[in-house]
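Reading through the structure tokens given below for one structure.
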Amino acid sequence: MSKGEESCLIWCVFYSLLAQVVEVLNIAEPADRETDKFNDLKYIFIDDPVSSLDENHLIELAVNLADLIKKSNGLQFIISTHNPLFYNVLHNELKNLLYDNNRKKASCYMLNKKEDGTYDIQMKKGDSNKSFSYHLHLIQTIQDAIATNSIQKYHFMLLRNLYEKTANFLGYPHWSDLLPDDKQTYYNRVIQFTSHSTLSNEVVPEPTEPEKQTVKFLLNHLIENKYWKEEQQ
């Protein structure tokens with residue numbers, strides 16, 4: 001079973017449980033519910049459920065999740081993601097919840113890492129395509145790591161996020177379309193450091209010096225070629 005198939009299977013099980021929870025809790029009178037096991041449930045936490053999914057399945061997942069959220073009465077959903085496409089779909093599917101004062105409200109926030117290593121949370125308005133400053137933040141973070149030779153595994157994730165966001169903004173179907181000529185080689189290298197593995201024997205080691213140079217090369221490639229210039233116009 002591939003990682004994508006595994007992710008789909010896990011999500012199907014989790015989504016089926018969520019759908020049952022929403023259906024049960026939408027019954028106003030607790031005595032009329034088929035079970036009392038969900039009565040005290042108030043929050044649903046979902047952490048980046050899109051790993052190893054292609055764009056089509058990612059969009060379908062986001063639409064289904066948004067539909068479930070809109071059907072729910074009383075439950076509060078907290079969803080985290082680093083994927084701009086997943087975020088954009090959720091944002092646009094839930095616009096009425098975000099901006100209609102007469103209905104239940106939803107809010108979006110972005111976690112930012114500051115220069116001293118601490119983090120803060122800022123309110124985010126609009127989808128990722130309306131937050132060009134986030135591009136600049138990612139670039140600055142990666143450039144700082146390059147300048148101090150302190151590139152870690154998570155910088156590959158930031159780099160992938162930057163490519164995904166730029167591709168989404170420009171309408172390219174795959175973020176890998178923006179990679180240099182030997183696309184598959186660079187794609188495999190980035191995926192190696194950004195795939196989520198829970199198996200100890202699959203833990204990716206710290207980046208080597210050539211791999212750190214790959215981060216520098218791919219960042220410069222995105223900034224200096226037509227993609228970044230096209231986005232700034």
Once all protein chains are kept in place, D116 shows an accessible area at probe 1.4 Å, nearest 10 Å², of 110
Cα pair distances exceeding 25 angstrom across region 1-124, given as percent: 33
Just how much of K114 is accessible, in Å², when a 1.4 Å probe is used and the result is rounded to the nearest 10? 90
For region 17-70, just say rounded, prolate or oblate: build the C-alpha gyration tensor, square-root its eigenvalues into a ≥ b ≥ c, call rounded for a/c under 1.5, and beyond that prolate if a/b exceeds b/c, oblate if not. prolate
For region 1-60 the GluC sites (Glu not before Pro) that pass both the DSSP coil test and the at-most-14 other-Cβ-within-10 Å test are E34
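The values are calculated or read from the model by the stated rules, or taken from the named source; none is laboratory data. The shown structure was predicted, so the numbers you read here are calculated from the model rather than taken from an experiment. We place every Cβ from the backbone using ideal geometry, glycine too, and count neighbours over all the protein chains shown. In case anyone asks, the SASA skips ligands and DNA or RNA and just uses the protein heavy atoms, side chains included. Shrake-Rupley method; radii C 1.70, N 1.55, O 1.52, S 1.80 Å.
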